[in-house]
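The values are calculated or read from the model by the stated rules, or taken from the named source; none is laboratory data. If you're wondering where the values come from, they're calculated on a predicted model, not measured in any experiment. Cβ atoms come from the backbone with ideal geometry, glycine included; neighbour counts cover every protein chain shown. The protein model used for the area step is the full one, side chains on, heavy atoms only, and it has no ligands, DNA or RNA in it. Shrake-Rupley method; radii C 1.70, N 1.55, O 1.52, S 1.80 Å.
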Amino acid sequence: MLARVCSAAVNGIEAYPVEVEVNVGYGDTLVVIVGLPDAAVKESRDRVSTALTNSGYKFPMGKTTINLAPADVKKEGPSFDLPIAIGMLAASEQIETDQLDHFVIVGELALTGAVRPCKGVLPIALRAKADGKTGLLVPAENAAEAAVVAGLQVIPVQNLREAAQFLEGEIKIAPVKVDIAKLFNQPLDDDSDFAEVKGQESVKRALEIAAAGGHNVLLIGPPGTGKSMLAKRLATILPPLSLSEALETTKIHSIVGLLKAGQALVTQRPFRAPHHTASDAGLLGGNINPTPGEISLAHHGVLFLDELPEFKRSVLETMRQPLEEGIVTISRAAGTMTFPSQFMLVAAMNPTPDGKMPGESKSSPREIQSYLGRISGPLLDRIDLHVEVPQVKFREISGDKNGEASAEIRNRVIAARQRQHARFAHKPKITCNARIGPKELKEFCALDDATKEMLKMAMTELNFSARAYDRIVKVARTIADLAGAENISSEHISEAIQYRSLDRQLWT
């Protein structure tokens with residue numbers, strides 16, 4: 001007898017439907033899986049057979065053929081265990097149900113018959129909704145993640161017998177529901193606050209501008225000045241995620257398997273800080289079957305690269321396209337994948353090999369230039385703000401006065417982002433000032449004659465590139481938004497130029 005079960009798999013960050021066809025026939029007892037299964041899928045025959053027996057069912061006698069359609073796409077992972085087991089029960093007439101066409105089924109089976117969680121459930125739920133399915137049978141630990149998709153019955157199952165009894169109508173399982181508004185009202189996980197940072201007011205101002213416009217920032221200063229401390233607190237002043245941003249971010253984390261058990265959504269902007277020994281595959285994504293890397297895991301959040309010159313130059317150079325386009329495309333023999341990577345790059349570095357400023361360093365000019373030369377000009381051009389982090393004065397460290405709290409700074413950042421959202425309402429692809437394209441620059445960042453003249457002088461004297469010109473104007477637009485100004489003035493341009501002059505002092 002033939003049975004068909006609806007399932008799904010993930011390709012990139014999107015899911016596609018997979019039909020699990022199970023046919024139980026005559027002949028020697030044998031299980032054959034076709035449809036380009038990988039090793040984990042092939043091993044499901046042993047997991048499923050043992051799970052069936054331990055759940056009180058009979059293993060089908062004769063030849064059992066399992067086809068995973070479409071047959072020309074490689075199937076990966078153990079998430080087909082549960083649909084294969086249900087298909088075998090239906091094909092061997094151990095269960096009778098008319099619900100197999102209405103539900104998408106995914107889940108890994110333990111040898112006891114328990115259903116274990118699997119990766120990529122959110123993209124699968126979105127695909128099931130798009131395909132008009134009634135609901136989704138998923139492991140109980142993944143149920144909250146799938147339940148954020150409105151209009152879909154998400155049925156949590158603990159074991160194989162429970163799933164079979166539900167499909168037969170012998171038991172009822174209440175669909176899982178999630179209060180999305182409540183998820184977004186949860187407090188921030190991070191206990192750190194900008195109020196703990198003594199001094200460094202100019203750096204805090206630069207980070208506020210970066211957060212308000214989504215700009216990349218480079219912190220340059222001697223060791224012990226608080227570069228890492230400041231960067232890690234940037235997450236506390238970022239604006240909250242929108243629902244669409246949260247769904248995109250959660251899809252990526254779901255595919256990689258970073259969601260905690262029972263977690264429904266990623267509601268806080270990611271903060272990723274890979275070590276400087278990270279490879280290009282670890283940073284961009286890759287492996288034999290391309291998976292998201294750190295720059296995609298930081299999507300809609302922050303990617304913090306501490307000790308920037310210690311990263312391999314080849315690794316840093318591969319970031320140029322993602323920084324510019326907001327996506328990363330990975331080509332392998334197995335296929336080409338495109339992952340989203342709209343992140344804020346926050347980098348920190350010492351000005352010289354021994355950590356001191358150039359005038360105080362014992363390193364030779366050649367050693368200093370070799371150290372700084374690990375970071376190319378094109379990469380520097382893609383970083384909007386270059387900020388010096390000076391040594392903190394004793395009176396600031398020893399004083400009782402605390403800095404401004406993150407909550408106050410965050411309110412200003414949110415107000416600036418709201419102005420940007422209103423401005424870009426008819427341009428949904430532009431999410432913040434840093435994402436303004438060359439075509440929209442004149443429309444949204446018009447300059448008067450006096451401001452143009454100031455910028456012209458700076459371009460000539462400091463030898464800025466055309467890309468640096470665009471970055472300065474975008475940063476000035478953000479500074480104007482923080483000030484509540486409708487138009488960019490000379491004051492805003494002047495401050496934006498300050499954040500581009502430090503690299504000219506060091507690199508030239």
- [ ] From the list 172, 204, pick out the single residue that is over 19 Å from residue 267 (Cβ atoms), free of Cβ contacts under 8 Å to residues at least 24 places away in the same chain, touching a helix residue (DSSP H, G or I) at 6+ places or on another chain (Cβ under 8 Å) and not β-branched (Val, Ile, Thr).
- [x] 172
Open item on the list: Please verify whether residue 410 is open to solvent by 60 Å² or more (accessible area, probe 1.4 Å), in contact with a helix residue (DSSP H, G or I) (Cβ under 6 Å, 6 or more places away or on another chain) and at pLDDT 90 or above, treating the condition exactly as stated.
Closed with: no
Task: Answer from 65, 97 - the residue that is in contact (Cβ under 8 Å) with a residue 40 or more places away in the chain, in contact with a Leu (Cβ under 6 Å, 6 or more places away or on another chain) and either among the hydrophobic types (A, V, I, L, M, F, W, C) or not in a helix (DSSP H, G or I) (or both) - done: 97
Task: In segment 223-246, residue farthest from residue 307 (Cα to Cα) [restricted to those that are among the polar types (S, T, N, Q) and open to solvent by less than 20 Å² (accessible area, probe 1.4 Å)] - done: 236
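This table checks each residue for (1) within 19 Å of residue 159 (Cα to Cα); (2) loosely packed, with under 15 Cβ neighbours inside 10 Å.
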{"residue": "40", "(1), (2)": "no, no"}
{"residue": "58", "(1), (2)": "yes, yes"}
{"residue": "63", "(1), (2)": "no, no"}
{"residue": "69", "(1), (2)": "no, no"}
{"residue": "89", "(1), (2)": "yes, no"}
{"residue": "96", "(1), (2)": "yes, yes"}
{"residue": "108", "(1), (2)": "yes, no"}
{"residue": "112", "(1), (2)": "yes, yes"}
Open item on the list: Here is a list: 365, 353, 378, 358. Which entry is open to solvent by 70 Å² or more (accessible area, probe 1.4 Å) and either without any contact (Cβ under 8 Å) to a residue 40 or more places away in the chain or within 25 Å of residue 231 (Cβ to Cβ) (or both)?
Closed with: 365
- [ ] Kindly check whether there is at least one residue in segment 202-222 that is open to solvent by 20 Å² or more (accessible area, probe 1.4 Å), closer than 22 Å to residue 355 by Cα and not in a helix (DSSP H, G or I).
- [x] no
Open item on the list: If a residue counts only when it is in contact with a Lys or Arg (Cβ under 8 Å, 6 or more places away or on another chain) and surrounded by 13 or more Cβ atoms within 10 Å (Cβ to Cβ), which helices (runs of 4 or more DSSP H) contained entirely in segment 413-493 have at least 3 such residues?
Closed with: 438-444, 466-483
TODO: Out of 259, 316, report the one residue that is farther than 26 Å from residue 138 by Cβ and aliphatic (A, V, I, L, M).
DONE: 316
TODO: Those residues that are in contact with a Leu (Cβ under 8 Å, 6 or more places away or on another chain) and free of Cβ contacts under 8 Å to residues at least 60 places away in the same chain, I need them from segment 143-156; list them, please.
DONE: 146, 149, 152, 153, 154, 155
Task: Residue check for residue 329: within 33 Å of the chain's Cα centre (by Cα) and open to solvent by 40 Å² or more (accessible area, probe 1.4 Å) - done: yes
Task: Boolean, residue 347 is touching a Lys or Arg at 6+ places or on another chain (Cβ under 8 Å) and either crowded, with 22+ Cβ neighbours inside 10 Å or without any contact (Cβ under 8 Å) to a residue 24 or more places away in the chain (or both) - done: no
Open item on the list: Tally up the residues in segment 269-310 that are under 11 Å from the mean Cα position of the chain (by Cα) and either more than 12 Å from residue 342 (Cα to Cα) or assigned to a loop (DSSP other than H, G, I, E, B) (or both), please.
Closed with: 10
TODO: Please enumerate the residues belonging to segment 34-57 that are over 34 Å from the mean Cα position of the chain (by Cα) and of a type in the set (A, V, I, L, M).
DONE: 51, 52
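Kindly establish whether residue 195 is hydrophobic (A, V, I, L, M, F, W, C), in contact with an Asp or Glu (Cβ under 8 Å, 6 or more places away or on another chain), modelled with pLDDT of 95 or more and assigned to a helix (DSSP H, G or I). Even if it seems obvious, please write down each step before you answer.
Numbers: hydrophobic (A, V, I, L, M, F, W, C): yes; in contact with an Asp or Glu (Cβ under 8 Å, 6 or more places away or on another chain): yes; modelled with pLDDT of 95 or more: no; assigned to a helix (DSSP H, G or I): yes.
For residue 195, the condition - hydrophobic (A, V, I, L, M, F, W, C), in contact with an Asp or Glu (Cβ under 8 Å, 6 or more places away or on another chain), modelled with pLDDT of 95 or more and assigned to a helix (DSSP H, G or I) - is not met.
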TODO: Look through 302, 266 and report the one residue that is at pLDDT 95 or above and under 30 Å from residue 15 (Cβ atoms).
DONE: 302
TODO: For segment 21-42, name all the residues that are closer than 23 Å to residue 254 by Cα and either among the polar types (S, T, N, Q) or touching a residue at least 24 places away in the same chain (Cβ under 8 Å) (or both).
DONE: 37, 38, 40, 41
Task: Members of segment 1-34 that are farther than 13 Å from residue 87 by Cα, in a loop (DSSP other than H, G, I, E, B) and touching a helix residue (DSSP H, G or I) at 6+ places or on another chain (Cβ under 8 Å) - done: 13
Task: residue 50, sole failed condition from (1) outside any strand (DSSP E or B); (2) open to solvent by 10 Å² or more (accessible area, probe 1.4 Å); (3) more than 28 Å from residue 328 (Cα to Cα); (4) free of Cβ contacts under 8 Å to residues at least 60 places away in the same chain - done: (4)
